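What follows is one structure encoded as C-alpha cells, with my remarks underneath.
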Amino acid sequence: MLNGALGLDLQTGERFHRSGFDPSVALAVLQAFQRRTIDPCVYVDHSEPSVWTSSTPSTHPDHIVSFGDDLGIGPLDDVVASRLILAFSLLGTTEEVAFTIGAELSMVASTHVDRDRQYGGFTITVAPPRQSKWDGVVAYCQRHDIDQGAVLAIGDGPNDIELLDGAAIAVVPEDGHVDALARADHVVARADDGGWADIIELVSP
C-alpha cells in the first residue's frame, strides 16, 4: 500500500512491512507544498484516520469524499510532527504545480507525477526516498517464502516503474504511462475494458 510504504495483512490487520519518512524530510515535503499555499493529503501509520488534511484541502473535492470517515482534519504541521508519515498526495492539480513540486522534492523523496485520469489535471504523490512498490512485494515474498524472482506484476504509472523492473513478468494496460509501457513484457486492454482479467491467461499453465 501507498507505493510500498506499508504492507498490511487485510485478514488480520498485521503490518508486515512499514517504511516512512524521516521526520525532517516529511517536514521539508510539507513545507514545499505550503510555500505555494497548497495543503496536500498526508497519509499516516494509524488505523483511524489514516489520512489527514487541513480544513482547506487543495486536492480534488471528490478525492476528499472518497476517504469517507477515514479522514482527519487538522493542522498538518502537528500531524507531521507527531506521527510516522507514509506519503503525501495531491490529485486534480495543474501540470505546472505537479511538475514544479515534483522537481523540487526529487532530491529528498520519491516523487511521481502523471496525468490524473480520474479527476482531471495532474496528480503528484510523494513517498520516502528510494522507496517503491517493489519493496512491499519483496517484504510479502519474504513473509510467505515466495520466490521474488518469479513475480508477475501489473502497473500503469510512473510509480510502478520499480515494480515492473523487479518483476519477472511485467504487464501494462494499453493506456499506461509511456515509461511503464516501455517495460512491458505483455500489454493488456484497459482496465475499463476488462484488461486485468487477461492476466489469468498469462498465469494459466
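The values are calculated or read from the model by the stated rules, or taken from the named source; none is laboratory data. Keep in mind that this is a model prediction, so the values were computed, not measured. Neighbour counts are summed over all protein chains in view; Cβ atoms, including those assigned to glycine, are modelled from backbone coordinates with ideal geometry. Side chains are part of the model used for accessible areas, which takes the heavy atoms of the whole protein and leaves out ligands, DNA and RNA. Shrake-Rupley method; radii C 1.70, N 1.55, O 1.52, S 1.80 Å.
Before moving on, here are some points about what is shown:
- With respect to the conditions (1) under 24 Å from Q118 (Cα atoms); (2) touching a Pro at 6+ places or on another chain (Cβ under 8 Å); (3) open to solvent by 30 Å² or more (accessible area, probe 1.4 Å), A5 falls short on a single one, namely (3).
- Only residues that are assigned to a helix (DSSP H, G or I) and open to solvent by 20 Å² or more (accessible area, probe 1.4 Å) were counted in region 64-109, giving 14.
- Within region 119-130, restricting attention to residues that are at pLDDT 90 or above and part of a loop (DSSP other than H, G, I, E, B), the residue that is nearest to N3 (Cα to Cα) is P128.
- Test: residue in region 65-85 that is more than 14 Å from L2 (Cα to Cα), in contact with a helix residue (DSSP H, G or I) (Cβ under 9 Å, 6 or more places away or on another chain), at pLDDT 95 or above and among the polar types (S, T, N, Q): no
- Scope region 159-176; condition surrounded by 19 or more Cβ atoms within 10 Å (Cβ to Cβ) and of a type outside the set (V, I, T); matching residues: N159, D160, E162, L163, L164, A167, A170, P173, G176
- Residues in region 33-51 that are open to solvent by less than 50 Å² (accessible area, probe 1.4 Å) and either under 22 Å from D9 (Cα atoms) or among the β-branched types (V, I, T) (or both): I38, V42, Y43, V44, D45, P49, S50, V51.
- Of the numbered criteria (1) touching an Asp or Glu at 6+ places or on another chain (Cβ under 7 Å); (2) of a type outside the set (S, T, Y); (3) open to solvent by less than 30 Å² (accessible area, probe 1.4 Å), the one W134 fails is (3).
- Tally, over region 139-154, of residues that are surrounded by 15 or more Cβ atoms within 10 Å (Cβ to Cβ) and either acidic (D, E) or touching a strand residue (DSSP E or B) at 6+ places or on another chain (Cβ under 9 Å) (or both): 5
- All positions within region 111-131 that are farther than 24 Å from I64 by Cβ and either surrounded by fewer than 20 Cβ atoms within 10 Å (Cβ to Cβ) or β-branched (V, I, T) (or both): P129, R130
- Any chance V187 is in a strand (DSSP E or B), at pLDDT 90 or above and open to solvent by 70 Å² or more (accessible area, probe 1.4 Å): yes
- The set of residues in region 166-188 that are among the aliphatic types (A, V, I, L, M) and closer than 25 Å to V113 by Cβ comprises A167, A170, V171, V172, V178, A180, L181, A182, A184, V187, V188.
- Within region 1-60, the set of residues being at pLDDT 90 or above, in a strand (DSSP E or B) and either charged (D, E, K, R) or touching an Asp or Glu at 6+ places or on another chain (Cβ under 7 Å) (or both) comprises V51, T53.
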